[in-house]
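Asker: Take a look at this one; I'll ask things after.
Values in this text are rule-based calculations from the coordinates and carry no lab data. Nothing here was measured: the structure is a model prediction, and the numbers come from that model. So basically every Cβ, Gly included, is an ideal-geometry build from the backbone, and we count neighbours across all protein chains shown.
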Amino acid sequence: MPDEEQDDAPEQPQRLFTLHEAELARKELEPVLVEAMDSRKRLNTLEGELSAATSRIMVMGGILVPYEKMARVRIQHRRYAQALKAALERISLAGCLVKDLDVGLLDFPSIVSNEEVYLCWKLGEDRIRFYHRQDEGFASRKPLDPRDVGPGDGVQ
């Protein structure tokens, strides 16, 4: 049982990013994150279609089953599920954490002031500007540099 062997393997130590490394990773992973978000959105739509079709089949006793359409939807569903899995694995292998796939929130493990934290970035932000402790979340973000007031600022 290969899966059981993998479960017994020791967990890899968490990668720690410098701000520069996190920025490089962010730039590389941004399109991967967008792909994951798009795949998830499409999956949700297809799951709704599959659920509605299943309900109709149950109500009508399976008399009017649209087999070809359902086969196409299942193939699309499988394709998007594989794309989502591949994108999430790529992000994870880079050492990043997807915190919210709905808004596109990534965390990068790091050290700030001798404390393990997450450098926090949200899709649409021009660069990584914030961090939070590992036991906190997005709502507790603090600026990496108090002088960094927003886009166009040259501090970092």
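Asker: Would you mind computing Rg(Cα) / (2.2 N^0.38 Å) for segment 15-95, counting N as its residues?
Answerer: This ratio for segment 15-95 stands at 1.57.
Asker: Just report the Cα centroid separation between segment 125-146 and segment 29-79, whole Å.
Answerer: First find each Cα centre; the distance between them is then 36 Å.
Asker: While we're here: Can you give the FRET efficiency to the nearest 0.05 for SER55 and GLN76, using r as the Cβ-Cβ distance and R₀ = 25 Å?
Answerer: It comes out at approximately 0.85.
Asker: Give me the Kirkwood hydrodynamic radius of segment 96-150 in Å, from all C-alpha pairs, to one decimal place?
Answerer: Computed over Cα pairs of segment 96-150, the Kirkwood hydrodynamic radius comes out at 11.3 Å.
Asker: While we're here: Among ILE75, ILE57, which comes first, second and so on when ranked by fewest other beta-carbon atoms within 10 Å?
Answerer: ILE75, ILE57
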